[in-house]
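Below is one structure, written out as structure tokens, with a few remarks after it.
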Amino acid sequence: MDHVRDKPKLLLHPRGAILTVTRRCWKGHYSHVIFDFDGTIFRTTGALQYVYSRLAPKYRLPRIDAETYEALRELPVGQRLSRLRISPVLLPFLVRDARRIYRSLAGAYPPEPGMPEVLEDLARRGVAVAIISSNGTRYIRTSLARYRLTMFDEIICSGIFKKAGAIRAYVKRKKAKPDAVLYVGDEHRDVEASRSAGVGVAAVTWGYDTRKNLEAAAPTFIVETPAELGEILAQTATPSRG
């Protein structure tokens, strides 16, 4: 199998260390690429702010101004929930109502520019492509249909804190080796879930969490743009056998 040296602008995190690229990535390594939805494929950070503003009065949550929102982006999700006074008891009800509002917004937010091309290239090359998201499948399918993104083999709703289990189940169902699977997400919890499941993870900086927050979780790749993600996948993704 051929190998290539990554370009210096990409960052890798072997064994949790943040390094300018020094290791080699084997071409044809990832046969399955799983994507998060909100903030990764679609530019939906505005939707999150809108949904929160709708639910805050009902659940007596603190108001969020622009400065507070940016501060929250620096925190892992557990600390974020504590800061917003969202208890484990309250969370399921909040998620239920949030999904209801999200369904009304399906298709209202566009894909991140450049992401459709990344996805189309993977599908054209025969790489297995899936979505594992904590959002509802109806909302996801409606948004995908509007923009004619039909390349996904599976769309799975995992729940906020159950993504690692969903990734493990996907790997087992596909009879894939964990190191042949890459998850692409925009949150600290995406990185933690992927590492827990034993798969690679590309953390994208255009979504909900800041680069600093993502780096703290030690992903395999830090990606600044869809074009950079495309470069990584061009070097490391390979057709799936099923």
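Out of ALA218, ALA202, one residue alone is surrounded by fewer than 24 Cβ atoms within 10 Å (Cβ to Cβ) and aliphatic (A, V, I, L, M). It is ALA218. Of all the listed residues (LYS174, LYS163), the sole one being buried (at least 16 other Cβ atoms within 10 Å of the Cβ), within 22 Å of ARG241 (Cβ to Cβ) and among the charged types (D, E, K, R) is LYS174.
Would you check if there is a residue in region 148-157 being of a type in the set (Val, Ile, Thr), loosely packed, with under 15 Cβ neighbours inside 10 Å and farther than 24 Å from LEU91 by Cβ? Yes, the conditions are met somewhere in region 148-157.
Take the conditions (1) at negative phi; (2) surrounded by 14 or more Cβ atoms within 10 Å (Cβ to Cβ); GLY114 misses just one of them, which is (1).
Confirm whether TYR183 is part of a loop (DSSP other than H, G, I, E, B) and under 13 Å from the mean Cα position of the chain (by Cα). Taking the combined requirement at face value, the residue does not satisfy it.
When restricted to residues that are assigned to a loop (DSSP other than H, G, I, E, B) and either out of contact with any helix residue (DSSP H, G or I) (no Cβ under 9 Å at 6 or more places or on another chain) or closer than 26 Å to MET151 by Cα (or both), region 86-120 contains 10.
Throughout, read-outs are computed from the coordinates displayed, never taken from laboratory work. Small disclaimer: the values here were computed from a predicted structure and weren't measured. Ideal geometry is used to build each Cβ from the backbone, glycine not excepted, and the neighbour counts take in all protein chains shown.
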